[in-house]
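Report on the structure given below.
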Amino acid sequence: METIEQLDTDISDLHTRIATLRAHRANLSSILLSQPHLAARLQPGNQRDKPTETAQRLIKQQSARNLENIHRACAGVTAYKVQDPDPHAVNNGNILGVRIDVSIGGKFVETYHVLLAFQERESESDKVLRIHKHTIPPCIPLQQLANRWLPSSSKDVEDATHPEQDLVHFGRSLRKELVGWHMRVQAVEDLRKEAGLPDSRLKGDGQDTFGIESTAGILNAFVSDDDASSDAEEAEEEEDGIIRILDIESDAAVRQVTITWSDRRTAVININKDGTVEKAVCRTKGGGRDVARSRKAVGPLRGLVQRLMA
Amino acid sequence: MATAPDYKNIPHSHRLPVRHREVQRTFTKLSRQSLVSLVQQWLSKKNRDFCKPYLLSDRKHGEEEDDDELYEPAQSYEELQETYRELATRKGGRREVLDRMLDGDWRTGISMYQLATAEIQYLLDHPNALRWTAKRLTKIPNARSTITDMEVTNDSDHLPRFQAQTFMSNLARELTPLMKAHYLITRIKTSPMTILRVYIHDAPYSSEGSLAVDSNSTDSAKAVFFVWPNGSPFVYSSLATLTGQVVGDDGRHLRDIVQQAIPKAFSRPSARYQLTSTNFTTKSLDALLTYRGPGKSNAAAGGWSIFQDHSFSQNALDFITTQKGDGHEKVSAGKTAVNGGTKAGPGRPKRPLDEKESSEAKRRKEVVAGRFGTSAQSDDDQGLERFEVRVDDPFPSLDGSSTAQLDDNTSTLDAQASSRSRRGRPSLLDRTAEDLEEIGNGQDWVPNVRITFQGTHVFAGIRQLAEEGVVDGEKMPGWMTGEAGVTIGAVREGRMRTKEGVPGI
């Protein structure tokens, strides 16, 4: 006799099976639709029945998608047109979109958009591109890039009354910033993995059931006047003899990384946009500077943990 | 007990008596679970110095054991931790824990640190408890360094760098001559932000005794909150106090001092910052993180939200198109069923009618989905409570004669409007001289029209109205979808007026 639990597991098994089969079918059908010359082969004479029309529509859809994806995957920066639904939009709502696909480690991890509108330049007849909407995070210097490559009025660039707009350069430098940022994020993740720390993107998911960890660390414990106290906690940490990295954390732009060891050594590291360690300050457990180690930290971000542990 | 005035901050360990109004007000609001978790935080080793409980060893020798003592003092921290762990597992009322804390283990007083963590805990439990204003830290342009500021190089940095220690010591240096304050700055694990709480103590003394004095005026104090979302140039400040507290001019003034000190504490030589308004005020911290946060959503609100989640563009390696095709087939299947359904006969006379209406409703829904994208869902916790606009467009004229008539009336109407606005507090929406000049250039009559939307979730409401057909989803101007990303603004030529430059930064 089957219990309810058994039936439930059976049902969920069937659901997953349906899902995989669906995915498989979708995969197969897109492979079939992508066959070369399929459209031509499906057109025997000029009879126009409904299934053929549907097939043609699907083939067209698929080949459009294939073309788009190939462009996106190979170029990294692609442009497209969208329509602003706002009835009062400038230039009848014609919007030029710029799409930046960021790939890390053989995967496309994120897509960013910048939507540009044409706008009449003041007191002049020509039109300039202006950023209308975008999905670039604030840790990317979009404003500066736009000022440099898409100046809209003469005040942005000195001694030039007709500043040139260079969308290609804009896209290229914006992509460089975005990819650099993603690679720095990835590099810090790798460092964390190397140090045996949990993935920071998963942090706070499971352990928070009780709410006890909701505030991470009080950053200004030093403000209190009686700081003769904070020494008590570390005494036992050292006794187990193994010194390990407690935490590696970075700011949102990954330009500064802080490493904390279990024996109260710390290192604060400045990183350039291309991922090289530019400056580093390592401190010993007493708070003094560790000049030799600081010098050792300068270099590529990869292998930083090994350099510092050595 | 008046000691000499000094130049210190209020340390974490200074205690307030448990009957102090601030203590009572803060702790009575917290839930049982929050209280227990707070105690466990306090009793962890690194925090013990700021949160000393009353232990058995604290009882002075020779002191009589009080018979009607409700709570026996614990022997050690470990015992206390065990007690509260047990309270956490057991079900019961909030009062039980609260009484034990205030009358038992912390009968000698609640430290400033404890009060601050309790208030922050309340804030995290109720993210809509305070009204927040989003400001932006902007660099004051420097004549010498304008060119270098604009350059994007390998090591250029365009955001103000936030270093907690440096910032705190700078802030304290700005404020200590003016007031005494207790500062607590903490990172939040569950959401990407840093919270600073400043407890203003308007006295020249930083001693424990002066803290305990419950001042008579209702508005003297107390806490001001600032939130920095990580990796963005914004600061959210909450100058309003918890619900129902009236703030007088004195309290407001002290808070303004704190707020003015924030950009100064951020500034370095040759990089000066100021706080500028971003026309955004709301109670919801989630909405703040969406509209003025660290992520992709700042400049893609309203219908543009499809660009920030992945509903617009698939992964570049996702070649499957047919799954979407399935969806379309279902839609068309639904439509054929409607056509067949009309002949279905007497069994279900009402249903075809509904279905016919629903095709119109379906079209409206599609239009609305195009205008709002994935935003403005009533359950997304990102409700804005108030949205104000001023319309600066000329009155639509029907024919020549009527405009001439209207022109005659303009002067009187304007006079009325100006006299009315002078009565109340000046609103951010009042036209400035600059605006008036710009409007005055045209020949048309520009009435002073202001629209205020209010509710629990304004844009979800507009979305619903558009879905019901009350608001025309196609003719509706873009700012009604919330895509402008402000809560207060002026509309000209049907568009929200924005400053020059890139939106959302």
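Key figures for this structure:
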quantity: Helices (runs of 4 or more DSSP H) within region B:9-128 that include 2 or more residues among the hydrophobic types (A, V, I, L, M, F, W, C), farther than 21 Å from B:H201 by Cα and open to solvent by less than 40 Å² (accessible area, probe 1.4 Å); calculated: B:32-43, B:77-89, B:94-99
quantity: Residue that is farthest from B:L171 (Cα to Cα), among those in region B:213-238 that are modelled with pLDDT of 65 or more and open to solvent by 50 Å² or more (accessible area, probe 1.4 Å); calculated: B:V213
quantity: Residue in region A:182-197 that is farther than 24 Å from A:T258 by Cβ, modelled with pLDDT of 50 or more and within 12 Å of chain B (Cβ to nearest Cβ) present; calculated: no
quantity: So B:D256, is it under 14 Å from the mean Cα position of the chain (by Cα) and surrounded by fewer than 20 Cβ atoms within 10 Å (Cβ to Cβ); calculated: no
quantity: Sole exception among (1) open to solvent by less than 30 Å² (accessible area, probe 1.4 Å); (2) β-branched (V, I, T); (3) away from every other protein chain (no Cβ under 12 Å) for A:T284, by number; calculated: (1)
quantity: Answer from A:K133, A:K107 - the residue that is more than 7 Å from chain B (Cβ to nearest Cβ) and basic (K, R); calculated: A:K107
quantity: Of all residues in region B:177-190 being within 11 Å of chain A (Cβ to nearest Cβ) and assigned to a loop (DSSP other than H, G, I, E, B), the one that is nearest to B:A164 (Cα to Cα); calculated: B:K189
quantity: Test: residue in region B:303-311 that is at pLDDT below 85, more than 25 Å from B:T487 (Cβ to Cβ) and surrounded by fewer than 20 Cβ atoms within 10 Å (Cβ to Cβ); calculated: yes
quantity: Extreme residue, nearest to the chain's Cα centre (by Cα), among residues of region A:61-75 that are of a type in the set (G, A, S) and within 9 Å of chain B (Cβ to nearest Cβ); calculated: A:A73
quantity: In region B:160-202, residue least open to solvent (accessible area, probe 1.4 Å) [restricted to those that are closer than 16 Å to B:V227 by Cα and of a type in the set (G, A, S)]; calculated: B:A164
quantity: Residues of region B:291-302 satisfying the condition of being open to solvent by 10 Å² or more (accessible area, probe 1.4 Å) and assigned to a helix (DSSP H, G or I); calculated: B:Y291
quantity: Residues (among the basic types (K, R) and farther than 23 Å from A:G180 by Cα) located in region A:263-310; calculated: A:R264, A:R265, A:R283, A:K285, A:R289, A:R293, A:R295, A:K296
quantity: Pairs, first of a type in the set (S, T, Y) in region B:101-112, second open to solvent by 10 Å² or more (accessible area, probe 1.4 Å) and part of a helix (DSSP H, G or I), C-beta under 7 Å, six or more apart; calculated: B:S111/B:F50
quantity: Residues of region A:108-128 that turn out to be part of a strand (DSSP E or B) and modelled with pLDDT under 85, as a count; calculated: 5
quantity: Test: residue in region B:87-95 that is within 11 Å of chain A (Cβ to nearest Cβ) and modelled with pLDDT of 80 or more; calculated: yes
quantity: Subset of region A:25-44 [within 8 Å of chain B (Cβ to nearest Cβ) and open to solvent by less than 40 Å² (accessible area, probe 1.4 Å)]; calculated: A:A26, A:S29, A:S30, A:L33
quantity: In region B:312-344, the residues that are small (G, A, S) and modelled with pLDDT of 50 or more; calculated: B:S313, B:A316
quantity: In region B:11-43, the residues that are within 19 Å of B:E86 (Cα to Cα) and more than 9 Å from chain A (Cβ to nearest Cβ); calculated: B:L30, B:S31, B:R32, B:L35, B:V39, B:W42, B:L43
quantity: Inter-residue pairs, beta-carbon under 7 Å, first at positive phi and in region B:377-388, second modelled with pLDDT under 80 and open to solvent by less than 50 Å² (accessible area, probe 1.4 Å), 6+ apart; calculated: none
quantity: Considering residues of region A:84-102 that are more than 9 Å from every other protein chain (Cβ to nearest Cβ) and either in a strand (DSSP E or B) or under 9 Å from B:A316 (Cβ atoms) (or both) only, the residue most open to solvent (accessible area, probe 1.4 Å); calculated: A:N94
quantity: Criterion violated by B:Y291 - all others in (1) modelled with pLDDT under 80; (2) on the phi < 0 side of the Ramachandran plot; (3) more than 9 Å from chain A (Cβ to nearest Cβ) satisfied; calculated: (1)
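Residue-by-condition table, conditions (1) open to solvent by 80 Å² or more (accessible area, probe 1.4 Å); (2) closer than 26 Å to B:P396 by Cα:
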| residue | (1), (2) |
| --- | --- |
| B:N448 | no, yes |
| B:T452 | no, yes |
| B:V458 | no, no |
| B:Q464 | yes, no |
| B:E467 | no, no |
| B:V470 | yes, yes |
| B:G473 | no, yes |
| B:P477 | no, yes |
| B:M480 | no, yes |
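For (1) over 24 Å from B:I488 (Cα atoms); (2) modelled with pLDDT of 80 or more, each residue gets a yes or a no:
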site	(1), (2)
B:D354	yes, no
B:K365	yes, yes
B:V368	no, yes
B:G373	no, yes
B:G383	no, yes
B:V391	no, yes
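The values are calculated or read from the model by the stated rules, or taken from the named source; none is laboratory data. Please read all numbers here as calculations on a predicted model, not as lab measurements. Every residue, glycine among them, receives a Cβ derived from its backbone with ideal geometry; neighbour counts consider all protein chains shown. The protein model used for the area step is the full one, side chains on, heavy atoms only, and it has no ligands, DNA or RNA in it. Shrake-Rupley method; radii C 1.70, N 1.55, O 1.52, S 1.80 Å.
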